[in-house]
Every structure is written in structure tokens, then in C-alpha cells.
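First the structure, in the form of C-alpha cells, and then the observations on it.
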Amino acid sequence: MSRTLWTLLGLAAFVAILVVATVRGERVECEVCVDAGGRTYCATASAADRESALGGAHSNACGTAAEGMDLELQCRNTPPRSAECRP
């Protein structure tokens, strides 16, 4: 086979892998805002299901509370002020 044909076949395989990964990887994205220490912390996360995305977003939001471990723990134990998910 010619070099051009091998290049085209490789490119087609790469595109096919991208398409399959995109279609197969349907995910849920959630944004969570949490009040802690007189401030509001918000973050986004995506996961395969809603519960995992909410947990990840909550954890990410509290991770931005870099004013100390006490505030981060308080944040993690506080229910979200708002939570919005979309497929």
C-alpha cells in the first residue's frame, strides 16, 4: 500500500476513536455554591452520574476555601446553597 493510503487509514481510525469516545462518554455537569465563613464558594464538576458530579463540585468549591483547614471542613459539612446540573 502507498504511504498516502496508510496516512488516510490512520487519520480515519483516529477520527473514529474520537467519535466513539465522545458518544460513549455522556456526562453530567453540576455547579454547586456553598456558604462558609461569610463567603460563597462555587465550583463545577462533571461525572458519569448526578451524585458523583454534585459531590465533586461540592468538594471543589470547598477546596477553594484556602483560608485554613477549619473553614474547609466547615464548608464540606455545609449543605450547598445552590446546585444546578445539566446533562
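The values are calculated or read from the model by the stated rules, or taken from the named source; none is laboratory data. In this text the structure is predicted, and so the values were computed from the model without any measurement. Methodologically, a virtual Cβ is constructed for each residue, glycine included, from the backbone with ideal geometry; neighbour enumeration extends over all protein chains shown.
Numbers for the structure displayed
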quantity: Boolean, residue 26 is loosely packed, with under 10 Cβ neighbours inside 10 Å, out of contact with any Asp or Glu (no Cβ under 9 Å at 6 or more places or on another chain) and not in a helix (DSSP H, G or I); calculated: yes
quantity: Filter result (within 11 Å of the chain's Cα centre (by Cα) and aliphatic (A, V, I, L, M)) within the stretch 50-75; calculated: 53, 54, 57
quantity: Qualifying residue in the stretch 48-56 (condition: touching a residue at least 40 places away in the same chain (Cβ under 8 Å) and not polar (S, T, N, Q)); calculated: no
quantity: Failed item, numbered, when residue 68 is tested on (1) surrounded by 13 or more Cβ atoms within 10 Å (Cβ to Cβ); (2) on the phi > 0 side of the Ramachandran plot; calculated: (1)
quantity: Test: residue in the stretch 11-28 that is within 20 Å of residue 85 (Cβ to Cβ), in contact with a helix residue (DSSP H, G or I) (Cβ under 9 Å, 6 or more places away or on another chain) and modelled with pLDDT of 90 or more; calculated: yes
quantity: Qualifying residue in the stretch 44-60 (condition: more than 19 Å from residue 28 (Cβ to Cβ) and either aromatic (Phe, Trp, Tyr) or at pLDDT below 95 (or both)); calculated: no
